[in-house]
Amino acid sequence: MQEDAYSKAFDRVLFARILEYVRPYRLQVGLALCALLLATLTAAATPLFFKWAIDGALVPKEAKPLPERFALLLGLSLGFLLVRGVNFAATYAETYLIQWVGQRVLFDLRSALFAKFMRLHPGFYDRNPVGRLMTRITSDVDAINQFITGGLVGVVADLFTLAGLLAFMLFLSPKLTLVVLLVVPVLLWVTAWVRNGMRAAYREMRLRLARLNAALQENLSGVETIQLFVKEKEREERFDRLSQDLLRAWVEIIRWFALFFPVVGFLGDLAVAGLLFVGGGEVVRGAASLGLLVAFVDYTRQLFQPLQDLSDKFNLFQGA
């Protein structure tokens, strides 16, 4: 029963409890979200510079003097650098603040957990191996820190990025946006399938890790007794079996990771291929500009990055 309870996947109750530890740092989180919004807007505006450069200077619809075209390219280049500079500063601020909050929460959580251990009845330690408790206060706390810094805020960042990119894309061309979004249902199905497999794999890994830590603590604390009864070989074989079980659990997790990311990458390429076919046809017919097509290819590649990251965050949730 204890192992079953230990291996439960992340749930909403745990999520609410973690948020309680984040609450004292609302100001820092708010500033990080403002920086995140600025980074999202500047990143979404970047492909527009390619469109303006191609349509206004490289392949203009109307003939323009060369000095005017070079002046436009210079202005766009400087504007591009300015926008990317703001994006750099905003991304730095958001990353620093979130990591700072994560480390503070990690400190608070570890201190609270240790204080609770010090107040528990001695019988609790008779029923629970010390190795498992050490896992709770070390690797479990680190997993929660990863959830906060890489998962919780990462989900918000990815959602902001998706909203910003889709807004720009819909404004430029609803038709080409629809072409890109046709592959999203397939991506959602793949994500759900992988998430189910990943949840089971993480649960098994954490269970095997707890057993290994418990065996390690038991053997180290009782090494004199083991040597007295000449049980070294038996204990080594048992530890190797537990270590092999943990290895197999990790290999299963790696297998899901190795499968998922190439599939998402291929779906992104499929969206670009559809965009080149449909968007290219629009350009040939004169219904769209070459700059718009180039911008949409960039938007599509940007769009699939947060989609992939969101799925990766679900994997973090399984480990938290």
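Only the coordinates and a few stated rules stand behind these numbers; no lab work does. Predicted, not measured: the structure shown is a model, and the values here were computed from it. Cβ: placed from backbone, ideal geometry, glycine included. Neighbour counts: every protein chain shown.
Listed from fewest to most Cβ neighbours within 10 Å, the set ARG238, ARG119 follows the order ARG119, ARG238. Rounded, prolate or oblate: which one fits the range 174-287, using the alpha carbon gyration tensor with axes a ≥ b ≥ c (rounded when a/c is under 1.5, else prolate when a/b beats b/c, else oblate)? Note, shape of the range 174-287 comes out prolate. Residue by residue, the range 256-273 carries 3J(HN,Hα) couplings of 5, 4, 5, 7, 5, 5, x, 5, 5, x, 5, 5, x, 5, 5, 5, 5, 4 Hz when phi is fed to the Karplus relation 6.51 cos²θ - 1.76 cosθ + 1.60 (θ = phi - 60°); x denotes Gly or Pro. For the pair the range 104-124 / the range 181-213, the C-alpha centres are spaced 30 Å from each other.
Here the Karplus relation 6.51 cos²θ - 1.76 cosθ + 1.60, evaluated at θ = phi - 60°, turns the backbone of the range 114-122 into coupling constants of 5, 4, 5, 4, 5, 9, 6, 5, x Hz, with x for every Gly and Pro. Label reach from VAL283 (point 7 Å along Cα→C-beta): in the range 37-67, amide nitrogens under 16 Å belong to 47-61. For the pair TRP250 and LEU78, a Förster radius of 41 Å applied to the C-beta separation gives a FRET efficiency near 0.25, rounded to the nearest 0.05.
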